[in-house]
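A.B. asks: I'd like to ask you about the structure that follows.
The values are calculated or read from the model by the stated rules, or taken from the named source; none is laboratory data. Treat the numbers as computed from the prediction; the structure is a model and nothing was measured. Methodologically, a virtual Cβ is constructed for each residue, glycine included, from the backbone with ideal geometry; neighbour enumeration extends over all protein chains shown.
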Amino acid sequence: MTPQTGKMVIVVGLLIALAGIVIYFFHDKLHWIGRLPGDIRVERENFRFYFPLTTMIIFSVIITIIIRLINRLW
């Protein structure tokens with residue numbers, strides 16, 4: 001292991017802690033997550049299917065931007 005690996009683990013841990021804090025304090029304002037246009041939701045009597053397609057794409061773009069910013073800083 002190198003010191004670079006240790007730095008990356010610390011940064012990832014801080015990002016996870018920050019996400020947890022945001023969700024804990026602002027959960028009532030984040031109700032739109034998972035209910036965006038393009039998210040697939042099928043509800044029947046005895047069947048429920050949910051596939052958050054648009055939400056996953058947006059999260060993927062945000063995570064990619066964060067990772068690229070972190071890599072540029074190092």
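A.B. asks: Which members of the stretch 1-45 meet the condition of being of a type in the set (S, T, N, Q) and over 20 Å from TRP74 (Cα atoms)?
C.D. replies: If the condition is that a residue be of a type in the set (S, T, N, Q) and over 20 Å from TRP74 (Cα atoms), then no residue fits.
A.B. asks: A further question follows. How many of the residues in the stretch 23-74 are in contact with a Leu (Cβ under 8 Å, 6 or more places away or on another chain) and either surrounded by 12 or more Cβ atoms within 10 Å (Cβ to Cβ) or not assigned by TED's automatic domain parsing to the domain that holds MET8 (or both)?
C.D. replies: The number of residues fulfilling the criteria is 8.
A.B. asks: Output the residues belonging to the stretch 36-74 that are part of a loop (DSSP other than H, G, I, E, B) and touching a residue at least 12 places away in the same chain (Cβ under 8 Å). Walk me through how you get there before you give the answer.
C.D. replies: The initial filter retains those residues of the stretch 36-74 that are part of a loop (DSSP other than H, G, I, E, B), namely 36-39, 44-47, 52, 74.
Result: LEU36, PRO37, GLY38, ASP39, PRO52, TRP74.
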